[in-house]
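Working notes, structure below.
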Amino acid sequence: MPNIILLGPPGAGKGTQAKRLVDERAMVQLSTGDMLREAKTSGTEMGKRVSDVMARGELVTDEIVIGLIAEKLSQGAGGGFIFDGFPRTLKQADALGKLLATSGQNLSAVIEMQVDDAALVARITGRFTCGTCGEVYHDQTRPPKVDGTCDACGGHDMKRRADDNESALKTRLMEYYKKTSPLIGYYYAKGQLTSVDGLAEMDVVASSISKVLDKA
């Protein structure tokens, strides 16, 4: 049962590849944002803490996020866990390592999705999604077959993220390089890091990730 971390800057395709692993390997994706939204309405003690913090407009602490992950780990996952968006800092990486150890689990691999910044900007600024089913499209590389109509569900509610523009993306990239990229060296030193070409075709990236998992 492999547990993995997907690392890479915004737009590297972590969410897309995580979804494939969920569908193909029955892994469980632990996305910080999804866990926080779920906790707010769960009614659990941890959920109440999350709700109170967010209601006050404060940032959710690392302690709370680790608590949410601990709850998920205790529920088990037949195909293993994918950590998506966590850890983001060296402090969080240490906390996650301790949690896995106390839970009797381990981290099988850390997969870095390497990208070229200029190519990433071109990829992200052309990206849009179906507001109904979440299918992802791109102006140049993957437009819908019928303009304005989703290939998957037939919906017409196409959306673009407000921060999917060059200026906002460069700000997000700078934040990633300042806070999260040190994790690459951290996990490399632990012998857990494998890098794949994040800008290759989706199927090629998926194949590269599968090879890493098969060896884990």
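We did not get these values from a lab; they are worked out from the coordinates using the rules stated. This structure is a prediction, so every number in the text was calculated from the model and none was measured. Don't worry about glycine lacking a Cβ; one is built from the backbone with ideal geometry, like all the others, and counts go over all protein chains shown.
Remarks
- Summary of packing: across the peptides 100-111, 151-162, the per-residue average of other C-beta atoms within 10 Å ranks them, highest first, as 100-111, 151-162.
- Set of aspartates and glutamates with alpha-carbon distance to K91 below 14 Å, sequence-local pairs under 8 removed: D62, E63
- Per-residue [θ]222 nm for the chain (sum of -39500 (n - 2.57) over DSSP H runs n ≥ 4, rounded to 500): -15000 deg cm²/dmol
- Karplus-derived 3J(HN,Hα), 6.51/-1.76/1.60, for each residue of region 49-58, Hz, glycine and proline x: 5, 4, 4, 5, 4, 5, 5, 7, x, 9
- Shape of region 102-216, Cα gyration tensor, a/c cut at 1.5: prolate
- Each of (i) 0.96; (ii) 0.99; (iii) 1.04 is a candidate for Rg/Rh (Cα atoms, Kirkwood Rh); the one calculated from this structure is (i).
- Restraint check, K98/K179; K178/K215; K14/K72, Cα-Cα greater than 28 Å: K178/K215
- Note, ³J(HN,Hα) from phi for region 182-190, Karplus 6.51, -1.76, 1.60, rounded to Hz, x at Gly and Pro: x, 5, 4, x, 4, 7, 5, 5, 7
- With the highest mean first, a sort of the peptides 123-130, 143-150 on other beta-carbon atoms found within 10 angstrom per residue produces 123-130, 143-150.
- Close amide-amide hydrogen proximity is noted between F81 and N3, I4, V28, each under 5 Å apart and 5 or more residues distant or on a separate chain (H modeled in the peptide plane; Pro and chain starts excluded).
- Each part reduced to its alpha carbon centroid, region 72-96 and region 118-134 end up 26 Å apart.
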